[in-house]
Amino acid sequence: MNKLQLFIVLLGGYNKGDLLESHNLFIGVGTELESMKVQMKKSWPAATHLDAYMILNHVDGFDIKITEGIPSENAGKEFPMLVIGNIGYYKEGHFTEFHKLMPFVLKNAGDSINDKLKRDPDFAEGQSLTEATRSHLDDKHIVSAFDVDDVINVQQNIPGYIIELVPSDVKTENVLKLGYQFTDLKKM
């Protein structure tokens, strides 16, 4: 049997009336990306393709172990906690808002999300811009005053699976693939 893996997928597509491509995030567990196409389309019917995906193996000193099962009632509220921050930022001279998805582990309730975001050079650079163009989490303009609800809790988005974060000094590489893929999502 193949090893279960944690996939973070950036879906692209168009809702009726859109003038620009929209994006949504899919978090899934499987042995291979191809096997989750139906789940991806079901999670966001506007999806026509993938723009990028990650297989998360190691984040912030923790290996990620996935097992089948029913998470405890408190799963997703316990520490350490795997989350994905959706960073929005601007760059001088570009007529667009950039986004970057950043996985990180909150080790305890006092762990600073703001400090984790500051590790990212685009986020840090964006903090020096004017108030209206400063780096942010969408709908939360003041990044120093937000809580865990403002980022995506991974455990709460994968029913039927349990994420175990195992401390490890050996960094197992994550897989990152960029580029337009799976155009057959249109037909599903």
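From the list Asp51, Asp63, which residue is under 21 Å from Pro167 (Cα atoms), touching a residue at least 12 places away in the same chain (Cβ under 8 Å), of a type in the set (D, E, K, R) and in a strand (DSSP E or B)?
Working: Asp51 fails: under 21 Å from Pro167 (Cα atoms).
It is Asp63.
Please go through the stretch 59-71 and give me each residue that is under 20 Å from Leu117 (Cα atoms) and over 14 Å from the mean Cα position of the chain (by Cα), ordered by number. Break it down stepwise before answering.
Kept after step one, since they are under 20 Å from Leu117 (Cα atoms), are these residues of the stretch 59-71: 59-62.
Listed by number, the residues that qualify are Asp60, Gly61, Phe62.
For the stretch 90-123, which residues satisfy the criterion of being without any contact (Cβ under 8 Å) to a residue 12 or more places away in the chain and not in a loop (DSSP other than H, G, I, E, B)?
Asp115, Lys118, Pro121
Which count do you get for residues in the stretch 154-187 that are modelled with pLDDT of 90 or more, part of a strand (DSSP E or B) and surrounded by 14 or more Cβ atoms within 10 Å (Cβ to Cβ)?
4
Do we have Ile87 as crowded, with 18+ Cβ neighbours inside 10 Å, in contact with a Ser or Thr (Cβ under 7 Å, 6 or more places away or on another chain) and either modelled with pLDDT under 75 or part of a strand (DSSP E or B) (or both) here?
On the way: crowded, with 18+ Cβ neighbours inside 10 Å: yes; in contact with a Ser or Thr (Cβ under 7 Å, 6 or more places away or on another chain): yes; either modelled with pLDDT under 75 or part of a strand (DSSP E or B) (or both): yes.
So Ile87 fits the description; yes.
Condition check ((1) crowded, with 18+ Cβ neighbours inside 10 Å; (2) of a type in the set (Lys, Arg); (3) at pLDDT 90 or above) across all residues:
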residue	(1), (2), (3)
Leu19	no, no, yes
Val29	yes, no, yes
Glu34	no, no, yes
Lys65	no, yes, yes
Glu73	no, no, no
Leu82	yes, no, yes
Phe104	yes, no, yes
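The values are calculated or read from the model by the stated rules, or taken from the named source; none is laboratory data. Computed from a predicted model, the values in this text were never measured in an experiment. Here Cβ is always computed from backbone atoms with ideal geometry, including for glycine, and neighbour counts include all displayed protein chains.
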